[in-house]
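A.B. asks: This is the structure I have questions about; it appears just below.
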């Protein structure tokens with residue numbers, strides 16, 4: 001099986017990116033400030049994404065969270081996904097821009113198609129369109145969408161994203177005309193692994209240990225061949241380079257050498273790309289990114 005022609009992530013053997021927001025609000029939550037847990041401070045988002053671009057991180061991943069639900073404890077990067085991607089396209093040069101992931105049942109698919117084409121053109125073909133069926137039941141009544149049928153609605157929306165142009169009549173067209181962004185799926189989106197492998201360009205797998213990923217990668221290769229397999233690490237990079245790996249939910253606390261070890265284990269497991277999530281990080285995000293660029297990325301990026 002081959003990948004999307006315009007999938008720039010697939011051109012790398014193994015790469016490291018970042019997951020937005022580039023904040024460490026989970027590590028430094030202060031209830032006295034009046035901001036609910038999970039709502040990041042976006043005051044430095046402009047300078048930090050430009051730093052990530054400059055330092056050579058390969059991709060920046062944004063979430064699609066329409067409504068903040070305190071029971072989930074995560075407002076993502078605050079800004080609406082496609083609006084934000086257009087902004088990011090204008091202030092960065094090289095970093096790929098990925099969604100992890102757009103909840104298709106909650107969005108009108110033709111507008112998703114147009115928004116993706118817009119970002120793809122504005123970014124010079126840097127978009128990776130990650131999509132999902134969604135997992136927050138409280139959102140669906142707000143959009144008058146049936147939660148239990150989200151798998152079927154996902155398939156219908158994907159059909160429009162991939163083949164909708166073929167259904168337009170009388171000289172109609174969707175503009176702008178852009179290269180089709182690669183389509184990745186988060187989880188299985190209520191589909192079978194075989195269907196996902198045949199219909200998607202890449203997989204956004206939930207965080208786990210290298211051993212977890214080894215099993216999942218084997219499944220993915222069986223149904224999707226060499227298509228990219230992507231996951232994430234919730235990282236707390238401490239200042240001691242020799243600090244051992246301590247595992248926590250969805251990630252690790254460790255020093256530079258432990259991070260190199262963990263990323264090598266991910267690579268050996270067959271993972272193609274890891275996005276680093278810094279909201280647990282105790283030292284400043286910009287300092288952690290600089291440290292990773294200086295001491296970690298040279299081991300993995302040519």
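A.B. asks: Can you work out which of the residues in the stretch 222-251 that are in contact with a strand residue (DSSP E or B) (Cβ under 8 Å, 6 or more places away or on another chain) and either part of a helix (DSSP H, G or I) or modelled with pLDDT under 95 (or both) is surrounded by the most Cβ atoms within 10 Å (Cβ to Cβ)?
C.D. replies: 224
A.B. asks: A further question follows. What is the number of the single condition among (1) in a loop (DSSP other than H, G, I, E, B); (2) without any contact (Cβ under 8 Å) to a residue 40 or more places away in the chain; (3) in contact with a strand residue (DSSP E or B) (Cβ under 6 Å, 6 or more places away or on another chain); (4) under 19 Å from residue 133 (Cβ atoms) that residue 188 does not meet?
C.D. replies: Just one mismatch for residue 188, condition (3).
A.B. asks: Restricting attention to the stretch 119-145, report how many residues are assigned to a loop (DSSP other than H, G, I, E, B) and under 22 Å from residue 58 (Cα atoms). Outline the logic, then answer.
C.D. replies: The first filter runs over the stretch 119-145 and keeps only residues assigned to a loop (DSSP other than H, G, I, E, B), leaving 123-126, 133-138, 143-145.
Checking the rest, the ones that are also under 22 Å from residue 58 (Cα atoms) come to 123-126.
Summing the residues that are assigned to a loop (DSSP other than H, G, I, E, B) and under 22 Å from residue 58 (Cα atoms) in the stretch 119-145 gives 4.
A.B. asks: Out of everything in the stretch 96-139 that is modelled with pLDDT under 95 and more than 18 Å from the chain's Cα centre (by Cα), what residue ends up being surrounded by the most Cβ atoms within 10 Å (Cβ to Cβ)? Break it down stepwise before answering.
C.D. replies: Step one: list which residues in the stretch 96-139 are modelled with pLDDT under 95, which gives 134-139.
Imposing the further condition that a residue be more than 18 Å from the chain's Cα centre (by Cα) reduces the set to 137-139.
Values: 137: 11, 138: 11, 139: 18.
Among residues in the stretch 96-139 that are modelled with pLDDT under 95 and more than 18 Å from the chain's Cα centre (by Cα), the one surrounded by the most Cβ atoms within 10 Å (Cβ to Cβ) is 139.
A.B. asks: Can you tell me which residue is farthest from residue 248 (Cα to Cα) among those in the stretch 270-282 that are touching a helix residue (DSSP H, G or I) at 6+ places or on another chain (Cβ under 8 Å) and buried (at least 20 other Cβ atoms within 10 Å of the Cβ)? Step through it out loud before you land on a result.
C.D. replies: Narrowing the stretch 270-282 to residues touching a helix residue (DSSP H, G or I) at 6+ places or on another chain (Cβ under 8 Å): 270-274, 276, 278, 281.
This time we only want the ones that are buried (at least 20 other Cβ atoms within 10 Å of the Cβ), so: 271-274, 276, 278, 281.
Values: 271: 20, 272: 22, 273: 20, 274: 17, 276: 14, 278: 13, 281: 12 Å.
Ranking the candidates gives 272 first.
A.B. asks: Scan the stretch 60-81 and tell me whether some residue there is modelled with pLDDT of 95 or more, surrounded by fewer than 18 Cβ atoms within 10 Å (Cβ to Cβ) and assigned to a helix (DSSP H, G or I).
C.D. replies: No, there is no match, as no residue in the stretch 60-81 is modelled with pLDDT of 95 or more, surrounded by fewer than 18 Cβ atoms within 10 Å (Cβ to Cβ) and assigned to a helix (DSSP H, G or I).
A.B. asks: Scan the stretch 29-43 for residues that are without any contact (Cβ under 8 Å) to a residue 40 or more places away in the chain and assigned to a loop (DSSP other than H, G, I, E, B) and jot them down.
C.D. replies: Residues of the stretch 29-43 that are without any contact (Cβ under 8 Å) to a residue 40 or more places away in the chain, as a first pass: 29-39, 41-43.
Across the stretch 29-43, the qualifying residues are 29, 30, 34, 35, 36, 37, 38, 39, 41, 42, 43.
A.B. asks: Let me spell it out: the conditions are (1) under 29 Å from residue 66 (Cα atoms); (2) at pLDDT 95 or above, and residue 194 meets all of them except one. Which number is the exception?
C.D. replies: Going through (1) under 29 Å from residue 66 (Cα atoms); (2) at pLDDT 95 or above one by one, residue 194 breaks only (1).
A.B. asks: Now for a different question. Going by the structure shown, is residue 288 surrounded by 14 or more Cβ atoms within 10 Å (Cβ to Cβ), over 19 Å from the mean Cα position of the chain (by Cα) and part of a loop (DSSP other than H, G, I, E, B)? Even if it seems obvious, please write down each step before you answer.
C.D. replies: Details: surrounded by 14 or more Cβ atoms within 10 Å (Cβ to Cβ): yes; over 19 Å from the mean Cα position of the chain (by Cα): yes; part of a loop (DSSP other than H, G, I, E, B): no.
No: the conditions fail for residue 288.
A.B. asks: Right, another one. May I ask you to list the residues in the stretch 163-185 that are in contact with a helix residue (DSSP H, G or I) (Cβ under 6 Å, 6 or more places away or on another chain) and without any contact (Cβ under 8 Å) to a residue 24 or more places away in the chain?
C.D. replies: none
A.B. asks: Right, next: Please enumerate the residues belonging to the stretch 252-269 that are surrounded by fewer than 17 Cβ atoms within 10 Å (Cβ to Cβ) and in contact with a helix residue (DSSP H, G or I) (Cβ under 6 Å, 6 or more places away or on another chain). So that I can check it myself, show each step before the final result.
C.D. replies: Within the stretch 252-269, the subset surrounded by fewer than 17 Cβ atoms within 10 Å (Cβ to Cβ) is 257, 261, 264-265, 268.
If the condition is that a residue be surrounded by fewer than 17 Cβ atoms within 10 Å (Cβ to Cβ) and in contact with a helix residue (DSSP H, G or I) (Cβ under 6 Å, 6 or more places away or on another chain), then 265 is the only one that fits.
A.B. asks: Quick test of your reading of the structure: residue 175 fulfils all but one of (1) within 16 Å of residue 82 (Cβ to Cβ); (2) surrounded by 13 or more Cβ atoms within 10 Å (Cβ to Cβ). Name the failing condition by number.
C.D. replies: (2)
For (1) more than 26 Å from residue 186 (Cα to Cα); (2) free of Cβ contacts under 8 Å to residues at least 60 places away in the same chain, each residue gets a yes or a no:
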site	(1), (2)
250	no, yes
257	yes, yes
263	no, no
268	no, yes
271	no, no
277	no, no
284	yes, no
295	yes, yes
298	yes, yes
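The values are calculated or read from the model by the stated rules, or taken from the named source; none is laboratory data. Keep in mind that what you see is a predicted model, and the values were worked out from it rather than measured. Don't worry about glycine lacking a Cβ; one is built from the backbone with ideal geometry, like all the others, and counts go over all protein chains shown.
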